[in-house]
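Rule-based calculations on the coordinates, nothing more; no lab input. The structure presented is a predicted model; accordingly, all values stated were derived computationally and were not measured. No Cβ is skipped: glycine too gets one built from the backbone with ideal geometry, and neighbour counts run over all protein chains shown.
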Amino acid sequence: MSFKPAISLTSYQLRLLAVLALINFVNFADRQAIPPLVPLIRDEFALTAHTSIGLYNPQRCIVDAFRLRHLEGLEPAVEALRRWLRRRGSQPAELLAMARAFPKAEPGLRSALEILL
């Protein structure tokens, strides 16, 4: 008795199925890897158990990096901006619109955008 599949798949369909399975596995593995790191992150940044760690969207993180550049320096903010600008669909106008709500961030961000663009 031999096994015969009910549906025959083309090589493209098999590759697509393999890619989707890999994406699903990476998504699962990512969700399993982060929670054990939370205590290490809290220790590294001296956070208490009552301190929440939150990330918004990339634009807000960039604005915050420019707003807090006096604490961490300008390099991380500029590098984050540079990486964001390389992403497809990045809209510098939206970033500047958000930065207007943070007066300490807008001038530095505007200058960096003028240089990078």
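Among 39-49, 95-105, what's the highest-first ranking by average C-beta atoms within 10 angstrom per residue?
Those peptides, ordered most packed to least, come out 95-105, 39-49.
So if R0 is 22 Å, what FRET efficiency would ASP64 and ASP30 give, r being the distance between their Cβ atoms, rounded to the nearest 0.05?
Numbers: r = 23 Å, r/R0 = 1.06.
After rounding, the FRET efficiency stands at 0.40.
Given the C-alpha atoms of the chain, compute the convex hull and give its volume per residue in Å³.
Numbers: hull volume 23.5 nm³, N = 117.
Cα convex hull per residue, to the nearest whole number: 201 Å³.
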(message) What distance in nm lies between label points placed 7 Å from Cα along the C-beta direction at TYR56 and LEU85?
(response) 2.1 nm
(request) Using the number of other C-beta atoms within 10 angstrom as an exposure proxy, rank SER11, SER111, SER90 with the fewest first. (result) SER11, SER111, SER90
(request) With a point put 7 Å past each Cα toward its Cβ, work out how far ARG15 is from ARG42 in nm, to one decimal. (result) 4.6 nm
